[in-house]
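The values are calculated or read from the model by the stated rules, or taken from the named source; none is laboratory data. Predicted model only: the values in this text are computed from it and were never measured. Because the Cβ atoms are built from the backbone with ideal geometry, glycine has one as well, and the counts that use them run over all protein chains shown.
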Amino acid sequence: MDNLLNLDRQNIWHPFTSLGSKDFPILIDKAEGIYLYTSDGRKIIDAVSSWWVNLHGHSHPTIAKAVAEQAARLEHVIFAGFTHKPAIDLSNNLLTILPKNQAKIFFSDNGSTAIEVALKMAFQFRFNKGISTKRKVIAIRGAYHGDTFGSMSVGERGAFTAPFVKYLFDVEYVEFPTSGNAKNVLKEFSKLLSNDDVGTFVFEPLVQAAAGMRIYSASILDLLIKEAQANNVICIADEVFTGFGRTGKLFASDHLTNKPDIIALSKGLTGGTMALGVTSCSEKIVSAYRSDDIDKTFFHGHSYTANPIACAAANASFELLTSAQCKQQIARIERQHAIFKEKIELLHPNHRVRCLGTILAIELSTPDGTSYFNKIRRHIHQFFLSRNILLRPLGNVIYVLPPYIIREDELSQIYHCIEEYLAGLKDTPQSLGDSD
Ligand SMILES: *Cc1c(COP(=O)(O)O)cnc(C)c1O
């Protein structure tokens with residue numbers, strides 16, 4: 001095992017990981033259900049669904065079977081001029097559960113590319129119509145839409161984007177809506193819209209996950225979308241994180257009355273098994289491209305567009321997701337989260353707790369304030385790992401985002417450990433200074 005980890009250190013550059021870090025990654029040998037099994041015999045609860053992708057547990061037999069069968073039958077085929085049943089089935093499956101205004105499915109590989117496609121679709125919509133104004137994009141403060149250039153451009157500027165800031169296109173921001181500032185946000189938004197150069201509004205509906213599981217109300221977002229669409233501004237919902245049940249409904253857009261024009265999906269799409277992205281759009285968007293004029297073609301595609309194995313995994317995950325059992329699991333997690341929230345609010349009123357659907361987040365009040373780089377992050381991570389629970393806090397925000405198949409007692413075990421951590425924090429609030 002040490003040999004393997006030394007090879008890893010020599011050869012591999014891990015994401016979001018400092019090359020100066022002295023920590024070795026943890027070698028995972030296999031995974032099943034909510035558990036990750038390490039090569040040295042540990043069994044770790046995956047309480048963050050492996051970066052928010054896993055829905056039905058690891059190595060789910062139904063998905064594994066679908067993947068194996070598809071790999072043996074048709075592993076891949078060029079998707080221009082050719083098609084296949086897994087993609088057709090998936091488009092059909094998605095369009096039956098997406099908001100009714102969604103009319104077409106475009107495939108890519110991940111969340112960032114799903115956002116790139118969404119932005120390019122919106123920009124070329126105007127190009128095809130011969131409109132040269134409305135070039136600007138409005139985004140929400142704190143946004144995270146991915147790590148490619150377009151998706152970075154429409155995200156918040158910060159430490160992650162600092163080396164690239166000069167290469168990003170400018171966007172307009174509105175403040176993150178809260179119960180206190182809703183009126184101002186609306187006013188700010190209307191003011192931006194009154195400038196005819198704004199043509200696109202991109203947002204993470206209801207939850208800004210990367211910003212620390214920040215939750216805002218459906219009613220304010222509904223007003224923003226209504227106002228935007230009244231001004232011919234294309235609305236893009238980034239449901240890469242919120243899609244497939246995370247917020248308690250299949251999509252965060254299901255909490256809204258006014259539906260987005262374009263929706264980006266990835267993460268839970270294949271149940272966390274394969275890399276796949278989808279951008280869906282309304283007939284209004286499609287209509288600008290229905291032409292035999294070659295210049296109006298959407299010239300975008302990836303080598304592995306609509307990979308049949310990934311589509312097969314997504315179709316298998318769809319069957320599991322839309323079962324009555326999965327609905328019950330999501331509702332039960334939601335109830336358990338709500339009860340635990342009340343308990344923490346009672347016992348630890350200094351910390352702020354929020355939940356929505358299967359998401360529970362606790363924003364710890366620390367001397368350093370709220371930031372991704374809060375030193376407490378490492379302390380929390382190590383504490384829970386030593387108890388065989390994988391939590392990957394966003395700075396001082398601890399969150400629990402389990403696969404839906406987690407059992408009641410298993411979720412309680414995570415809560416119990418969080419209580420233990422918070423109780424310990426009370427005794428030693430200042431003693432966490434070791435940074436990475
Ligand atoms: C993760 C995420 C992305 C980027 O998806 P990748 O597959 O990591 O490229 C985009 N938007 C949101 C809201 C996300 O959470």
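Among the strands (runs of 3 or more DSSP E) confined to the range 27-112, the ones with at least 3 residues that are closer than 26 Å to HIS255 by Cα are located at 102-108.
Annotation: of all residues in the range 90-119 being closer than 17 Å to THR297 by Cα and away from the ligand (no atom under 16 Å from the Cβ), the one that is surrounded by the fewest Cβ atoms within 10 Å (Cβ to Cβ) is LYS104. Does SER291 count as part of a loop (DSSP other than H, G, I, E, B), closer than 29 Å to GLU69 by Cα, more than 16 Å from the ligand (Cβ to nearest atom) and more than 22 Å from the chain's Cα centre (by Cα)? So SER291 fails the test. Does LYS100 satisfy being over 21 Å from ARG246 (Cα atoms) and in contact (Cβ under 8 Å) with a residue 24 or more places away in the chain? Criteria not met by LYS100.
In the condition set (1) away from the ligand (no atom under 15 Å from the Cβ); (2) touching a residue at least 24 places away in the same chain (Cβ under 8 Å); (3) farther than 19 Å from THR242 by Cα, SER132 is compliant with all but (2).
Is it fair to say GLY243 is farther than 14 Å from TYR144 by Cβ and within 12 Å of the ligand (Cβ to nearest atom)? Outline the logic, then answer.
Working: farther than 14 Å from TYR144 by Cβ: yes; within 12 Å of the ligand (Cβ to nearest atom): yes.
Yes.
Residues in the range 135-144 that are buried (at least 16 other Cβ atoms within 10 Å of the Cβ) and either away from the ligand (no atom under 13 Å from the Cβ) or part of a loop (DSSP other than H, G, I, E, B) (or both): LYS136, VAL137, ILE138, GLY142, ALA143, TYR144.
Answer yes if at least one residue in the range 267-282 is surrounded by 15 or more Cβ atoms within 10 Å (Cβ to Cβ), farther than 26 Å from ILE88 by Cβ and basic (Lys, Arg), and no otherwise.
Going through the range 267-282, the residues surrounded by 15 or more Cβ atoms within 10 Å (Cβ to Cβ) turn out to be 267-282.
Imposing the further condition that a residue be farther than 26 Å from ILE88 by Cβ reduces the set to none.
No - not one qualifying residue is present in the range 267-282.
Do we have any residue at all in the range 257-272 that's aliphatic (A, V, I, L, M) and assigned to a loop (DSSP other than H, G, I, E, B)? No, the range 257-272 contains no residue that is aliphatic (A, V, I, L, M) and assigned to a loop (DSSP other than H, G, I, E, B).
Quick check: is even one residue across the range 10-24 surrounded by 18 or more Cβ atoms within 10 Å (Cβ to Cβ) and closer than 23 Å to ILE309 by Cβ? Reasoning before the result, please.
Residues of the range 10-24 surrounded by 18 or more Cβ atoms within 10 Å (Cβ to Cβ): none.
Looking for residues that are surrounded by 18 or more Cβ atoms within 10 Å (Cβ to Cβ) and closer than 23 Å to ILE309 by Cβ, one finds none in the range 10-24, hence no.
For ALA237, the stated conditions hold: it is buried (at least 21 other Cβ atoms within 10 Å of the Cβ), within 13 Å of the ligand (Cβ to nearest atom) and without any contact (Cβ under 8 Å) to a residue 60 or more places away in the chain. Would you call GLY155 within 15 Å of the ligand (Cβ to nearest atom) and either under 30 Å from LEU36 (Cβ atoms) or touching a Gly at 6+ places or on another chain (Cβ under 6 Å) (or both)? Yes; evaluated as a whole, the condition is true for this residue. Within the span defined as the range 21-40, one or more residues are on the phi > 0 side of the Ramachandran plot, away from the ligand (no atom under 16 Å from the Cβ) and outside the structural domain of GLU204 (by TED's automatic domain parsing).
Let's see how each residue does on (1) within 26 Å of the chain's Cα centre (by Cα); (2) not β-branched (Val, Ile, Thr):
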site: ARG9; (1), (2): no, yes
site: LYS22; (1), (2): no, yes
site: ILE45; (1), (2): yes, no
site: SER49; (1), (2): yes, yes
site: LEU55; (1), (2): yes, yes
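The residue of the range 159-181 that is farthest from the ligand (Cβ to nearest atom), among those that are without any contact (Cβ under 8 Å) to a residue 24 or more places away in the chain and surrounded by 14 or more Cβ atoms within 10 Å (Cβ to Cβ), is ASN181.
Residues that are crowded, with 19+ Cβ neighbours inside 10 Å and of a type outside the set (A, V, I, L, M, F, W, C) within the range 349-363 comprise GLY357, THR358, GLU363, listed in sequence order. In the range 191-213, of all residues being closer than 23 Å to ALA118 by Cα and charged (D, E, K, R), the one that is nearest to the ligand (Cβ to nearest atom) corresponds to GLU204.
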